[in-house]
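Below: the structure, in structure tokens.
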Amino acid sequence: MKKTLTPLLIAAAVALSACGQDLSGGDWRATGVVQAAGIISRSGADTDVLVCVHEGDAVFYRDSADQELFGQVVYPMDVQDPWDTFAAIDFADRNGDGDGDVAMTFTDSEGGDVWMVWFWDADTGEYVFQPEESGSTVTAEWLRWEDLAEDCTTWQGEDGGMLALRADEALYTYRTWYGRTGQGDLWDIGNRQVLLRYGDGSYLLARSGSGFTLRSLEGSMGELDGVSYVPADSDLPEIPLSRLDGMWQNALGETLLIDTARWEYIACSPEGLASGTIYDREDGRGPYLFLNGFAYPRLSQDGSSLALYVTASETQAPDGSYSGVFYRDGDAAAYADLTQAGFSEDGGRLWYYDGAEYFAVPEGYAVGQDGRAYDANGKVYAAGWESPVYDPGTDWGPDWDQSWD
């Protein structure tokens, strides 16, 4: 089955002083800024357009003295000297939907071609970049499919993360420097080049020494752009999703009941009870609970403890609740030695040690005079002290664990 990538969204805002010229008092078309012309078809109508090529994008204007904006594409990667290396553009309908798309070609200093393709999305009114349709004849520096072993190869990142590439399954597993694990897809984007999709970014694998460096198609804005990998000394252990199943509790009594077969969770504390859904976008970031945003669990290898790393969503944001370390069945004594627990800094990061394992503390926490960590709003990081196991049934009745969505 052919895979489909989630497209990159294209920025729409463009100043009408495009092409970097003072256009007052004259016909902008006569200033020398136009590099190409063509005809774009949309909804059965043909429009003559003129093309201005910029450092980070190309802008299309109606062929009129008014310089009326008609469309724009943003390059998904850094293009060196695009004004000089621009070679061609066409607006043919490439996906058969009746609307004109965009294909641009640039020629590098060594004579190789780089081409990029965008499809017109009538629903959003934007051009959407298509990694599978794009590519390059300059392949010597890029890792290709035949360079990958048929079985799994494991790579150690300079940032502390690890990658396991499974060419036979066209999959990868990624573990962040702090231990969160997820899976995503590998893609063949033409000329056998390997593309890795992580989060909202797309990455090619550039050869470097005995390994490779991830190069983002979004340029330096990519989260993993520039991270280099070398062969790892150990395999990346597989942690099945089902290991999240069960009841988990932190030092404040905040409780999670997770059922991965349902793809649901229940969250409760003396302050409230709620239920929600578990998702996995298969984008390398791993499964998450929709709880105060996107709450990604970092599970210990033995399955005895977990911590949530939360990023804001469009409708929710972290509020300091459900922080700290959660232990299976709330039994911290069985899995940790809290007499040895404490916080320390290393590499500019705050870490928590529970006597058995280290946990990266999310940004925004600082250690107070009492030895506990607090966020900017004074909410404590729920770890580092002994507390009795909280029974949710005390506040929410004996059937609290049946409160699924």
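Coordinate-derived values only; no laboratory data. Here the structure is a predicted model, which is why all the values come from computation and not from measurement. Reconstructed Cβ throughout: ideal geometry from the backbone, glycine too, with neighbour counts over all protein chains shown.
Inter-label distance, T85 to A261: 5.4 nm, where each label sits 7 Å from its Cα along the C-beta direction.
Taking amide H as placed 1.01 Å from N in the peptide plane, G100 has its amide H under 5 Å from the amide H of S41, R42, each at least 5 places away in sequence or on another chain.
Sorted by average packing, counted as other Cβ atoms within 10 angstrom per residue and highest first, what order do 256-264, 243-251 take? Numbers along the way, then the final one.
Values: 256-264: 16.9, 243-251: 21.0.
My ranking of the peptides, most packed first, is 243-251, 256-264.
In debye to the nearest 20, how big a dipole does the chain give about its Cα centre with +1 on each Lys and Arg Cβ and -1 on each Asp and Glu Cβ?
Computed about the Cα centre, the dipole is about 320 debye.
Extending 7 Å from Cα along the Cβ direction at D233 and again at W385 yields two label points whose distance is 4.0 nm.
Here R207 and T394 are evaluated by their C-beta separation; at R0 = 51 Å the FRET efficiency comes out at 0.30.
For the chain, a Gaussian network of Cα nodes joined below 10 Å ranks A167, A30, A373 by mean-square fluctuation, and the top entry is A30.
Is the shape of region 18-134 rounded, prolate or oblate, going by the alpha carbon gyration tensor and its root eigenvalues a ≥ b ≥ c, with a/c under 1.5 for rounded and a/b larger than b/c for prolate?
Values: a/c = 1.98, a/b = 1.08, b/c = 1.83.
It comes out oblate by the Cα gyration axes.
Working from Cα pairs under 8 Å separated by at least six residues, relative contact order for the chain is 9 percent. For region 48-180, the relative contact order works out to 12 percent when only alpha carbon pairs closer than 8 Å and six or more residues apart are counted. Each residue, F290 and W115, gets one label point 7 Å from its Cα in the Cβ direction; the gap between the two is 4.0 nm.
In sequence order, region 373-387 has phi-based couplings of 9, 10, 8, 5, 9, x, 7, 7, 6, 6, 6, x, 9, 7, 8 Hz under the Karplus curve 6.51 cos²θ - 1.76 cosθ + 1.60, θ = phi - 60°, and Gly or Pro positions carry x.
Compute the normalised compactness of the chain: alpha-carbon radius of gyration over 2.2 N^0.38 Å, N being the residue count. Numbers along the way, then the final one.
Working: Rg = 25.9 Å, N = 405, 2.2 N^0.38 = 21.5 Å.
Compactness ratio reported: 1.20.
Using R0 = 60 Å, the C-beta based FRET efficiency linking W404 and S43 works out to 0.85.
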